[in-house]
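Inspection log for the structure reproduced underneath, given as structure tokens.
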Amino acid sequence: MNSTLQALSNTEGLTKYFLKEFKYDPHDSTKKLTNEYYKVLTHLWDKKKKKGSYAPKDFKEVLSQENSLFEGIQANDSKDLINFLLER
């Protein structure tokens, strides 16, 4: 999961959209996964929040709720995660 998040976070257009145009709304239940992805990106790229390492536990929890393929701690194929996220 971490390598996939790093690869997606380095996709310039996608990251620029999330950091500059995405409307974070913690009360919108239809945007749970995108809200969590936004939080991952801000932790990775916002210099004010960059303090040591960051574990995307909340993102993983929401991802597991939305797709049972990603439940538990087993390694999943990066291709499956990228496909799932981009389809969303």
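Quick note: the coordinates plus some simple rules give every number you see, no bench work behind them. These numbers were taken from a predicted model, which means no experiment stands behind them. Cβ coordinates were reconstructed from backbone atoms using ideal geometry, including for glycine residues, and neighbour counts include every protein chain displayed.
Summary table below
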quantity: Relative packing of 5-17, 31-43, which averages over residues the other C-beta atoms within 10 Å, highest first; calculated: 31-43, 5-17
quantity: Structure-derived Rg/Rh (Cα atoms, Kirkwood Rh): which label, when the choices are (i) 0.98; (ii) 0.93; (iii) 1.03; calculated: (ii)
quantity: Using alpha-carbon coordinates, inclination of helix 32-45 to the longest axis of the chain, degrees; calculated: 50
quantity: Calculated [θ] (222 nm, deg cm²/dmol) that DSSP helices of n ≥ 4 give over the chain, each run adding -39,500 (n - 2.57); calculated: -17000 deg cm²/dmol
quantity: With Cα atoms, 0 to 90° folded angle of helix 78-87 axis to the chain main axis; calculated: 60
quantity: All aspartates and glutamates inside 20 Å of LYS47 as judged from Cα atoms, apart from same-chain residues fewer than 8 positions distant; calculated: GLU12, GLU21, GLU36
quantity: Most to least packed among 22-28, 57-63 [average Cβ atoms within 10 Å]; calculated: 57-63, 22-28
quantity: Tilt relative to the chain, helix 57-66 - C-alpha long axis, 0 to 90 degrees, to 10; calculated: 50
